[in-house]
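The values are calculated or read from the model by the stated rules, or taken from the named source; none is laboratory data. Because the structure is predicted, anything quoted here is derived from the model rather than measured. Cβ coordinates were reconstructed from backbone atoms using ideal geometry, including for glycine residues, and neighbour counts include every protein chain displayed. With ligands, DNA and RNA removed, areas are computed over all heavy atoms of the protein, side chains included. Shrake-Rupley method; radii C 1.70, N 1.55, O 1.52, S 1.80 Å.
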Amino acid sequence: MKKHFSTIIFLFAFITFFSSCEKKSAENYFENMNTFMKVKCYGKKAEEAVSAAQNYIKELEETISVTKENSDIYRLNHAQEFPVQVSQKVSNLIKYSISMAEKTEGAFNPCLYPITSAWGFTKKENKILSDKEVKELLPLTNYKNVKIEGNAISMKNGMMIDLGAVGKGFAGDEAIKVLKSFGIKSAILDLGGNIQTIGSKPDGKNWSIGIKNPFDQGTIAFVEVSDMAVITSGGYERFFIGSDGKKYIHIFDGKTGKPVENEIVSSTIIGKIGTECDALSTSLFVMGVEKSINFWKNENNFDFILITDDLKIYVSEGIFGNFSFNNSIPDAQVVEIICVKKD
Ligand code: AMP
Ligand code: MG
């Protein structure tokens, strides 16, 4: 009897030991920031980690949302008097956004909300603005009129800030910090098509990230990465067809005050920091191919995949070896893939 008992104890200890060694995984799907999100991670505390990351993203949205009435950004955008105190995090993100506006010479502009909202992009009803209406609103989009002193923000009456083009990347960076605080060393986050990863897959291989086909359903290409963000801006994500039959997309050119009209249909940035990749994906989309390539030549910290309306795919040399085209898509034979080099 005693022998039996010790055998059972031994077996129990054996099973417990090996099941604790096995990598646990957990994943959560949820809706936030007007999009679907998925966080999957591997590690002993996977379940607590994904819940904490999800809660964190929810809390963040409460502070940076442009439409939620209690958010710092809403309070700032509807203030009658300045300065307005915001949280340290929001102040830092505004400061970063303004610095990106300067760096990209306004291709990235976090102050376009007076115009984008007039075109109806946060509402159900879209409207094509006349040139006169655009001209009246353009002075309210000058990012040089935002002053930041610590956490106190001042701007001209009528100006409005929108962190929509960096928010998801920032949320990803912050969620990654949360996951890491639970000891997570392998994770993938899909925040509305923005992919961010911690480490590699549990088997040590790279993550294979699909780039959405901008012309149709499915995936046009794959890129293999580990510990990187792969962030895409696409005209296909949000747009409306006007009464004139034209397509008007949600990414705006701050110089014209109108939706971007150039050859780019999708721009993907691959880099270490999600916030930066997010800002750059929007910026390169606005710049068009030629300016984007020139901009990239002076930078060292990111790679890109730009897809144009005439079926060309420009891939920067740093990521070209990890890029593969999905040959099974229709039109595969007419697509031209170009490796862009620094010199
Ligand atoms: P993304 O999907 O990251 O490219 O962000 C697009 C969102 O950013 C839009 O839905 C607008 O809210 C906002 N936005 C549009 N055009 C610009 C721009 N040129 N610079 C910064 N934000 C923009
Ligand atoms: Mg962006």
Check your understanding: How many residues are more than 12 Å from ligand 2 (Cβ to nearest atom) and either among the acidic types (Asp, Glu) or open to solvent by less than 20 Å² (accessible area, probe 1.4 Å) (or both) when one looks only at the range 276-291?
Key -> 3
Check your understanding: over 25 Å from Glu261 (Cβ atoms), open to solvent by 10 Å² or more (accessible area, probe 1.4 Å) and not in a helix (DSSP H, G or I): does that describe Ala165?
Key -> no
Revision key, fill the gap. Checking Ile273, Ile251, Ile269 in turn, the sole residue that is within 16 Å of ligand 1 (Cβ to nearest atom) and either open to solvent by 50 Å² or more (accessible area, probe 1.4 Å) or on the phi > 0 side of the Ramachandran plot (or both) turns out to be Ile273
Check your understanding: Looking at (1) under 25 Å from Met160 (Cα atoms); (2) outside any loop (DSSP other than H, G, I, E, B), can you tell me which one Val50 breaks?
Key -> (1)
**Study point:** Single condition Gly193 does not satisfy, out of (1) on the phi > 0 side of the Ramachandran plot; (2) more than 16 Å from ligand 2 (Cβ to nearest atom); (3) not polar (S, T, N, Q)
**Key:** (2)
Practice item. Please give the number of the condition Trp296 fails out of (1) more than 10 Å from ligand 1 (Cβ to nearest atom); (2) within 17 Å of the chain's Cα centre (by Cα); (3) more than 18 Å from Ser324 (Cα to Cα); (4) among the aromatic types (Phe, Trp, Tyr). Key: (2)
Practice item. Return the total of residues in the range 63-120 being over 15 Å from Ala152 (Cα atoms) and of a type in the set (Asp, Glu). Key: 3
Point to revise | Yes/no for Val50 being closer than 30 Å to Gly204 by Cβ and crowded, with 16+ Cβ neighbours inside 10 Å | key: yes
Study note, to complete from the structure: Only unsatisfied item for Glu237, checking (1) outside any loop (DSSP other than H, G, I, E, B); (2) under 21 Å from Ile57 (Cβ atoms); (3) within 16 Å of ligand 1 (Cβ to nearest atom), is (1)
Point to revise | Close pairs (8 angstrom Cβ cut-off, 6 or more residues apart or separate chains): among the charged types (D, E, K, R) in the range 328-340, at pLDDT below 90 anywhere | key: none
